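Here the structure comes first, spelled out in structure tokens, and everything after it is commentary.
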Amino acid sequence: MATILVINGPNLNMLGRREPEIYGSETLDDIIEGLIELADEYNVRLFDFQSNAEHEIVERIHQAMDDGTNYIIINPAAFTHTSVAIRDALATINVPFIEVHLSNVYKREAFRKHSYFSDIADGVIAGLGTKGYQLAFEAAIEKLEA
Ligand code: DHK
């Protein structure tokens, strides 16, 4: 069975209560529940992980080398714009990934326009809210089936 790991970075545990005009009203649990439904429908295994700590995300990515993960969907959140360490972890394990952002980072502050991930990602989705995770999940399944 194919396995997809969904990783969410800092402050995404606050979704629903965090700047809803930017990030919407759905919670992270709502997002993951939607993905669990998709995983059941397509018969894939879903792992999900959220952390506010850079080193924990690095370590979870390392684990993915040995836990059967075939594909990663990651919203690195603020670490998108700062973390060489998480980028290097993804490059280390050689598991393909899609980068997701709820908001359109290109419409926001200048510092959000740079990502340490986009140039090594299979794809990037930004600005489509929670739908972005579903689209990424479906794209990952298509790629795994190809
Ligand atoms: C989430 C965050 O927490 C921000 O730091 C990023 C991203 C954008 C999002 O849109 O999902 O800049």
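The values are calculated or read from the model by the stated rules, or taken from the named source; none is laboratory data. What you are looking at is a predicted structure, and each value in this text was computed from that prediction instead of being measured. Neighbour counts are summed over all protein chains in view; Cβ atoms, including those assigned to glycine, are modelled from backbone coordinates with ideal geometry. Heads up: the accessible areas ignore ligands, DNA and RNA and are worked out on the full protein's heavy atoms, side chains in. Shrake-Rupley method; radii C 1.70, N 1.55, O 1.52, S 1.80 Å.
Once the range 21-52 is narrowed to residues that are assigned to a helix (DSSP H, G or I), within 13 Å of the ligand (Cβ to nearest atom) and of a type outside the set (Phe, Trp, Tyr), the residue that is farthest from residue 70 (Cα to Cα) is 21. Please go through the range 36-52 and pick out each residue that is among the hydrophobic types (A, V, I, L, M, F, W, C) and in contact (Cβ under 8 Å) with a residue 40 or more places away in the chain. Scanning the range 36-52 gives 38, 39, 44, 46, 47, 49. Scanning the range 109-120 for residues that are surrounded by 14 or more Cβ atoms within 10 Å (Cβ to Cβ), within 11 Å of the ligand (Cβ to nearest atom) and in a loop (DSSP other than H, G, I, E, B) yields a single hit, 115. Close Cβ contacts (under 9 Å, 6 or more residues apart or on different chains) running from residues in the range 4-15 that are assigned to a strand (DSSP E or B) to residues that are among the acidic types (Asp, Glu) comprise 5/48; 5/67; 6/48; 7/48; 8/48.
Among the criteria (1) of a type in the set (Ser, Thr, Tyr); (2) out of contact with any strand residue (DSSP E or B) (no Cβ under 9 Å at 6 or more places or on another chain); (3) under 20 Å from residue 144 (Cα atoms), the one residue 23 does not fulfil is (3). Taking the residues in the range 83-108 that are loosely packed, with under 15 Cβ neighbours inside 10 Å and of a type in the set (Ser, Thr, Tyr) as candidates, determine which candidate is nearest to the ligand (Cβ to nearest atom). Restricting to residues being loosely packed, with under 15 Cβ neighbours inside 10 Å and of a type in the set (Ser, Thr, Tyr), the top hit is 106. Per the conditions (1) under 16 Å from the mean Cα position of the chain (by Cα); (2) farther than 24 Å from residue 142 by Cβ, the sole criterion not satisfied by residue 108 is (1). The residues of the range 54-69 that are within 15 Å of the chain's Cα centre (by Cα) and open to solvent by less than 60 Å² (accessible area, probe 1.4 Å), listed by number, are 57, 58, 60, 61, 64, 69. Of all residue pairs spaced 6 or more apart or on separate chains, those with beta-carbon atoms under 6 Å, a first member in the range 120-136 that is farther than 14 Å from residue 97 by Cβ and a second member that is part of a loop (DSSP other than H, G, I, E, B) are 126/104; 127/104; 129/24; 129/102; 130/26.
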